[in-house]
Amino acid sequence: LARTRLSRIVRRILHISGSAEMVHNHVRPKLTGRMRMILLLAVATTALWCHATGSESEAPHSSCSARPNDARCQEEEDVDSAYLQVHTVQGGVTSSMLGKAASAVTKGAGSLSPPQRVWVLLGGWCGLACLGFIQRVRYMDVASGKDESSEHLKLLARADANIALAHEQDQAHKEVLMDNWGLAFRAAFFIMLSATPAMMPDVRDWFHLMTYDTTYTAVLILWTMDRTIGKSTAAAWDAILGTVLSFFFMFIISGFFPGGVHEGDHEGFTGHHVWYIGMAYFLITVLGMLYLNFPNGVRVWCLSYHMANMMYFLKPKPVGSPAIFSEGFHISLKGQMFGYCLITVLATGLSVIAVSLPTPKSSHRAALEKAAATKGEFCTLLRSLTRIYLGEFATDASNVFVRVQMYRSRLVANLQEMQSDVTFSWWEHFDRGSYVDVRHMLGQHVEMSRKLVSGVEAIESGLASQLGTDVDKRANLIKEIREPLLAMEDSMLKLFEQVVEGTQDGMVDEDEAKAMLESVSKTEADMLNFSKTFRSTCSSLSDESFASRHQAFKDEYKVVFVILTMAREITDLANHLAKREPAERSNAFQVAKGGVSNFFAGTMEESHLAFAQRNSISLLLCFFFGYVGNGSLIPPYTADIATNASLLLSNFVGSALQKNMGRVQGLVIGSVIGRVIHALLSMSDCSSSVFGVSMVVTIGVFSCISFYLFMSSETFGFTAYLFGGFGSMVILSDCSEHENTSAAYLAIVCATLCIIIMAGVDLAMAPSAAEDASEALFSFMRGGREAAVSLLENAKLPDGHDSAELASALEDTKRSAQEAQ
């Protein structure tokens, strides 16, 4: 019976999707059997409910042999005929088939009950998820092909940082603009998709009956969607984990004390005893989330729900009050936290799908593209610096040098983005197969490139300070070392390109290893020739003693030493890759062990303790003010103050005043604008289709603008982030014919009071910008001293120290000093 039923469903899917000829003409042989099966099941999910609804809406009937003229029987015979024509076709299901299937489902939607409509929506969600997965697999290793420059322009850019800088800035501006608008439109579309229940009043009523709050769908998408699949998946995981933790916390306490604090006795405990136990439990869970090393996204989503849940738990209620959570260690499908978990999974899934369709935005692909881009940028940078050192820009040296410094800053920024993409690419492929080797080698490329950039900075520093060598002696020196230097530069950059190309596929084969070793030998020979030529020339132009040579050519020695050190870094990595040693793979036990130990890593660091202290005091004060209320202005047991504070948690580094001004602008203005838009939408009939359509269109436009600002503006990105999130929650709130002005006023008061409390705690406890600048400078000096001692004693940097760390300390010093001014 099950097999017959399934075959009937498949035949109906083919009938809904079109004729046999259409299926045959749109066959997709590139899709594997597994992909075709996943896509077929996705269509079956939606078509199944339409088929089931049609069966349930009609009266029972006997076999078709007894009713040969019945229209339903004739339809099934036609479907069977179509099935027989195409059952041997080998191909895939196309998007046009999906469109016709969706059209057929829409035609029969009027006969669906609200739960069945929800299942149809879930089926569509599953179909989109399957399509997103297929696209991710298909495009994982495919280059984007964004660079449309001519070969002549590329050739010029290889040797001149001026041309390369202008060319790449123009390309980057166009790409970023298009990417930001593209992501904004994707976010808007999927937010509109998540808001479709607003167009169906009976479905909206069903969500209310199940106590499922859908006002969080837009903010979940806005706050978890990022530029790539990897980053979006990581943010989605944080949101899901935080929501599940909040559900777990409430499940435990409600298991022992169903309903929370009641007026009077409660299963042998008085209400006061339950209150004390609940308050202790609240403090333990909140402080644990803040002091343990949870990702900040997990903290935000967990505590935002947990604050409201515990406010309800600690509120004295009459005995027999209806349960809104799972109680007595039994999971209730109508429990509010179960609904939040379900909505979070669906909304965050849509945010991942948004960056997967139609063309995936992959961290893995971005890392591979940036590896190729940074390879070319470093080669251009080194060639330009070499030409400056050799005096080829004598007439315009200062302007060229400034552009070279700008180009180096661009390379540093690209390496930072690449490191982020390499890290988050794990969320796309989970290090399966050869991807673990690719990710490991790309990480090595970033590490080596950062060391090379440090060498470039050292050369820039030497050239900026004006080399103090005698003009005539330097002219003779340059004349002698020019050819050996250019030969060494050419060989080391060719080896560098080979090394980068070898890291991109995660595997160095025998031919590549042999070619690398040959290039290493040539580079080392050129290094030796250049070094000998430099020493002999310096000796011939000065006395034979080392002291006299050093005194005459000390600035030249610095530059030559850095160049040779950079060449040695490249040859060392090439020798390492030529050994073809596989990357270490972690088993499930090691991953689990590392995850548990991560919760305690860095918990005793001063910066983490300061963050936990400030935010724990802020959250507890907000909870206290909401619990006791403030006369008629703020009713007792108001959770909005603490909930807003939880959503505003951040690891922001910088001025507390700047951070809190951004909070005021984003939260208050977003809430007010959202309230105004909601009032305008509510002027129409709340049960009409006009309200539903206008609601969906408005939330789409609002989300598109706020998300674009968030992606595009460094100055106002944080404000737009909060503006879009809090505004969307208000817009998606329940419609009413008469706007509740008291509730709107209360929301604004709670938002303002929340920010006042957090700003006051930050200003009272956070160090000033001048103190931050001093601490960052001392940190840099301590790190520099440890590095210098280790270099002199062991000829290497100490463990855990690198140039990037020292540079970061200097950047912190500069930023804090600017804020202090």
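The values are calculated or read from the model by the stated rules, or taken from the named source; none is laboratory data. Since this is a predicted model, take the numbers as computed values, not measurements. Virtual Cβ from ideal backbone geometry, glycine too; neighbours counted across all protein chains shown. Accessible surface is based on the protein model in full, side chains and every heavy atom, while ligands, DNA and RNA are left aside. Shrake-Rupley method; radii C 1.70, N 1.55, O 1.52, S 1.80 Å.
Please work out the FRET efficiency for the pair Val402 and Arg568, using the Cβ-Cβ distance as r and a Förster radius of 30 Å; give the result to the nearest 0.05.
Here the calculated transfer efficiency is 0.55.
Take each of the peptides 374-386, 289-301, average the number of other beta-carbon atoms within 10 Å over its residues, and list them starting from the highest. Can you show the working numbers first?
Details: 374-386: 22.5, 289-301: 19.5.
Descending packing order for the listed peptides: 374-386, 289-301.
How far apart, in nm, are two points set 7 Å out from the Cα along the Cα-to-Cβ line at Phe256 and at Met604?
3.0
Could you check the spin-label model distance between Glu483 and Leu791? Points 7 Å from the Cα along Cα→Cβ, value in nm.
About 3.4 nm, to one decimal.
Take the cross-link list Lys231/Lys375; Lys361/Lys522; Lys514/Lys558; Lys370/Lys579; Lys174/Lys231 and give me the ones stretching past 28 Å between alpha-carbons.
On the way: Lys231/Lys375 24 Å; Lys361/Lys522 40 Å; Lys514/Lys558 33 Å; Lys370/Lys579 25 Å; Lys174/Lys231 22 Å.
Beyond 28 Å: Lys361/Lys522; Lys514/Lys558.
For a test of the definition: using alpha carbon positions, the gyration tensor, and the 1.5 limit on a/c, classify the stretch 414-521 as rounded, prolate or oblate. Let's see the in-between values first.
Details: a/c = 5.96, a/b = 1.85, b/c = 3.22.
It comes out oblate by the Cα gyration axes.
Work out how much length His738 to Lys315 would gain on full extension: take 0.36 nm times their residue separation and subtract the Cα-Cα distance, in nm to one decimal. Write down the numbers at each step before the final one.
Values: separation 423, 0.36 × 423 = 152.28 nm, distance 2.88 nm.
Result for the pair: 149.4 nm of gain on full extension.
Roughly speaking, to the nearest percent, how much of the stretch 425-481's 1.4 Å accessible area is carbon and sulfur?
Numbers: 1310 of 2670 Å².
With neighbouring chains kept in place, the figure for the stretch 425-481 is 49 percent.
Using 0.36 nm per residue of separation minus the Cα-Cα distance, give me the extension gain between Thr715 and Lys814 in nm, one decimal.
Values: separation 99, 0.36 × 99 = 35.64 nm, distance 1.76 nm.
Length difference between fully extended and current span is 33.9 nm.
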